[in-house]
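I have placed the structure first, in the form of structure tokens, so that the comments after it can refer back to it.
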Amino acid sequence: MVYLAERGYRAVEPDLRGYGDTTGAPLNEPSKFSIFHLVGDLVALLEAIDPNEDNVFVVAHDWGAIIAWHLCLFRPDKVKALVNLSVHFFQGNPHMNLVEGFKALYGEDHYIPRFQAVLKQVLTYRDPAPFYFPKGKGLDAIPDAPAALSSWLSEEELDYCANKDSELTAPWTGAQAKVPTKFIVGEFDLVYHIPGAKEYIHNGGFKKDVPLLEEVVVVECAAHFVNQEKPDEINKHIYDFIQKF
């Protein structure tokens, strides 16, 4: 942000609803945290920052990249150009949510399906003793969740911890993200090594879904947190791209 600000750009890094110093989000209503709400927050933020600005440059990483892709799907008029890091475009599948997708690829022990399995145990943990994960036991060391949940946590809220956005975004199945785009990924990024990801990114699938994709950069000797590992290189990539517009 400082790098771009020093070059005359106004850079804004928002907290997502429910995080940081955000206010007003209905924390007891998990259905109010869908991808539509998150993208809507961005649109409202852009209007609040500068109502006279038609569109902006967007830079995002990881889960933020997923939100940025959806911003481009829902409101491409708001995005002058996009630089997304680490997470390429994923075509939605209304018949399989994110958790089930990773389970199909990697099995029950992948961290996302595994997280769903232990989430109830973590959120209902009431032992005042320190939270240990003994060597060799890992998450199996967490006590079983009580049969009855606490008053602050309902089964419905737990259900929303699984990804519902694949169902909600079914109307956009097969849609294209039509904004000028640059994609940057580390060569050791685990997302880049998801089965089929490299083929999708380099063999035409990515370009089909993002027709204005201008450049794919694979950063050598970097992994998932490429912006932290190679900040100078990433800053230059971002600046060189947005200068075109």
What number of residues within segment 179-204 satisfy the criterion of being in contact with an Asp or Glu (Cβ under 7 Å, 6 or more places away or on another chain) and open to solvent by 20 Å² or more (accessible area, probe 1.4 Å)?
2
Conditions (1) more than 30 Å from Lys244 (Cβ to Cβ); (2) over 16 Å from the mean Cα position of the chain (by Cα); (3) small (Gly, Ala, Ser) -> Ser34 fails only (2)
Would you confirm whether any residue within segment 216-225 is modelled with pLDDT of 90 or more, open to solvent by less than 40 Å² (accessible area, probe 1.4 Å), not hydroxyl-bearing (Ser, Thr, Tyr) and not in a loop (DSSP other than H, G, I, E, B)?
yes
Go through the residues of segment 231-238 one by one and say whether even a single one is open to solvent by 90 Å² or more (accessible area, probe 1.4 Å), in contact with a Leu (Cβ under 9 Å, 6 or more places away or on another chain) and either farther than 15 Å from Leu4 by Cβ or at pLDDT 95 or above (or both).
no
Which number in (1) closer than 26 Å to Leu213 by Cα; (2) touching a Pro at 6+ places or on another chain (Cβ under 9 Å); (3) of a type in the set (Ser, Thr, Tyr) marks the one condition that Tyr106 misses?
(1)
If you check Lys208 against the conditions, is it out of contact with any helix residue (DSSP H, G or I) (no Cβ under 9 Å at 6 or more places or on another chain), among the charged types (D, E, K, R), at negative phi and in the same structural domain as Leu71 (by the TED database)?
yes
Please verify whether Leu16 is under 24 Å from Gly174 (Cα atoms), within 14 Å of the chain's Cα centre (by Cα), open to solvent by 40 Å² or more (accessible area, probe 1.4 Å) and modelled with pLDDT under 95, treating the condition exactly as stated.
no
Among (1) open to solvent by 60 Å² or more (accessible area, probe 1.4 Å); (2) more than 25 Å from Pro113 (Cβ to Cβ); (3) at pLDDT below 95 - the single one Lys207 does not satisfy:
(3)
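Select, from Leu42, Leu82, the only residue that is surrounded by 16 or more Cβ atoms within 10 Å (Cβ to Cβ), touching a residue at least 24 places away in the same chain (Cβ under 8 Å), part of a helix (DSSP H, G or I) and out of contact with any Lys or Arg (no Cβ under 6 Å at 6 or more places or on another chain).
From the options Leu42, Leu82, the qualifying one is Leu42.
The values are calculated or read from the model by the stated rules, or taken from the named source; none is laboratory data. Since the model is a prediction, treat every value here as computed from it, not as a measurement. Using ideal geometry, Cβ is built from the backbone for each residue, glycine included, and neighbour counts are taken over all protein chains shown. Please note that ligands, DNA and RNA were not included when accessible areas were found on the heavy atoms of the full protein model with its side chains. Shrake-Rupley method; radii C 1.70, N 1.55, O 1.52, S 1.80 Å.
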